[in-house]
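Undergrad: If you scroll down you'll find the structure; I have some questions about it.
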C-alpha cells in the first residue's frame, strides 16, 4: 500500500471513529457529474478557510447513519478537466480505495488561501453537506474574508525571502521529503518546487524567486541553524544519570527539521532509554523498558501541539525511572479528555503535513495508541501536568501492582475505562485485572480500585449492569 493510499485510508478510518464530531469531512451517497464535483471542490476549499483547517474531505462509499462501508460505483472525472473551471490556486486530489473489498473514493481539498475559491466564476460554500452560492450567506462570506485577511501566523511568516531555486534545494531536504511521501525524486527542479508550493512550504514571488516560510523551514531544514526564525524551536534531549535535575545532564539538540529529522530523533531517544535483558530461545536479548510507539506518539504530539508563539522548544528529559516530554503552551482540551476528543491543534498546517508523511499514524488517535501500549507493557499510566505556559507528560518505568500508589492505580483505571469505551469494549473486573496482570484470586484488589475511581468521580457504573458482572464507563459517557 502506497503512503498516499494509506494516508487516505486513515482519513476514512478517522471519520468512521469520530462520525459527526469530525468537522472536516462530508459523506456523498451518490455519483455526481463533473460540474457538480467542481462546485463541491470549490465549496470545500471555502469551507476549510471558514473553519481554519488546512484540508476538507468528501467520501463516497460510506453510509452516514450506520457508519458502515457499503462501497460506491462513483467514477470521478479527470482531475485536469475539473481544474479548468476552478481558480488557479485550487489544490485537490481524488483517490479511489479498496477497503474490506469495497470501493471507497476520497476527495481531499486544500483550504482556499489569500482569496476565496471560485468555480466557473461563482463562489460556493458547504451548507448541510451540499454546495450553495456563497453570496446567499453573507455572514459566512464576511467571516471567510476575515479569516483570509488574518491568515498570516507563525507557520506562514517568512523564514528566508527572495531566494532562487538552487538555494531552496540547498537549504531544504527535498529528497527526504519525497522519500517519505513515497514519490520518486523528480529530475526537474521545477517539479520539486511545484510540490513545495502545493504543500505550502514555500511561496512564489513575481521576481521568479521564492520565500521559504516558517512551516517549510521548521519541517524540512537540513540545518535549523540556517533559519533564525525557527532555530530556537530545535528539540532538546537531556539525559540525567540520577533524579536530581540540578546535576549536569548529557544534552543533544536536534539540528534538522521536524519531518526530515524525526526518525533520527526517535532512534536517539530510544537508544538512551534503559533496557532489560530477556531470553528468546537460546539467545539473550535486550528490550527497551518503554514502548517505542508510545514514545514516538508523545514526541510527535509535543511537536504538533506546542504553542509556536511561545519561547522555548520541546524538551525530552530522560531519567533512570521516568521520561518527561515537555512542550511550550497549554493543551487546547483538558487532559482527561485526550483519549476521546477529536483532534484539535493550534498548528493545523504543521499537523496535516506530519500526518501526510506518516509521522502521525491517524488523526486524533495518537493518545489512544500511547495508552494501548502502556497497558501492553503493564506500565503505570502517564501523568500529564499543565503549567502556565507549558505541558509535561511523564512516562514511568514498570512497577508491580503493590508498588503503585492509590493515585497511580486510579489513573490507570480511568485510562483503561476510557480506552475501552472509545473502542466499544466493556470494562469490568476481569479486563482491569488482566491489565494489571493479576491472578483471579486478586479480584478484590481490582474492586477496590474501581471504588476509588468512582469516589474520585472519574468513572461510574454502567447503567443496567448488575453487581456480579458490573461494567464501568467514564464519568463523561452519554448513556441511553
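The values are calculated or read from the model by the stated rules, or taken from the named source; none is laboratory data. Just so it is clear, the structure is predicted and the values come from calculations on it, not from any experiment. Backbone-built Cβ (ideal geometry, glycine too); neighbour counts: all protein chains shown.
Undergrad: Among the residues of the stretch 298-325, what is the count of those that are closer than 12 Å to residue 233 by Cα, surrounded by fewer than 21 Cβ atoms within 10 Å (Cβ to Cβ) and out of contact with any helix residue (DSSP H, G or I) (no Cβ under 9 Å at 6 or more places or on another chain)?
TA: Qualifying residue count, the stretch 298-325: 3.
Undergrad: Looking for whichever is without any contact (Cβ under 8 Å) to a residue 40 or more places away in the chain and either within 26 Å of residue 176 (Cβ to Cβ) or under 19 Å from the mean Cα position of the chain (by Cα) (or both) here; the options are 332, 298, 287. Which one fits?
TA: Within the list 332, 298, 287, the selection yields 332.
Undergrad: Still on this model: Looking only at the stretch 461-471, decide whether some residue is in contact (Cβ under 8 Å) with a residue 24 or more places away in the chain, under 14 Å from residue 380 (Cα atoms) and surrounded by 16 or more Cβ atoms within 10 Å (Cβ to Cβ).
TA: So far as the stretch 461-471 goes, no, none of its residues is in contact (Cβ under 8 Å) with a residue 24 or more places away in the chain, under 14 Å from residue 380 (Cα atoms) and surrounded by 16 or more Cβ atoms within 10 Å (Cβ to Cβ).
Undergrad: Now, a different point. Would you please name the residue that is modelled with the highest pLDDT, looking only at residues in the stretch 301-323 that are under 26 Å from residue 152 (Cα atoms) and more than 20 Å from the chain's Cα centre (by Cα)?
TA: 312
Undergrad: Is there a residue in the stretch 244-253 that is in contact (Cβ under 8 Å) with a residue 24 or more places away in the chain and either touching a strand residue (DSSP E or B) at 6+ places or on another chain (Cβ under 9 Å) or under 30 Å from residue 175 (Cβ atoms) (or both)?
TA: Within the stretch 244-253 (the criterion being in contact (Cβ under 8 Å) with a residue 24 or more places away in the chain and either touching a strand residue (DSSP E or B) at 6+ places or on another chain (Cβ under 9 Å) or under 30 Å from residue 175 (Cβ atoms) (or both)), the answer is yes, since at least one residue qualifies.
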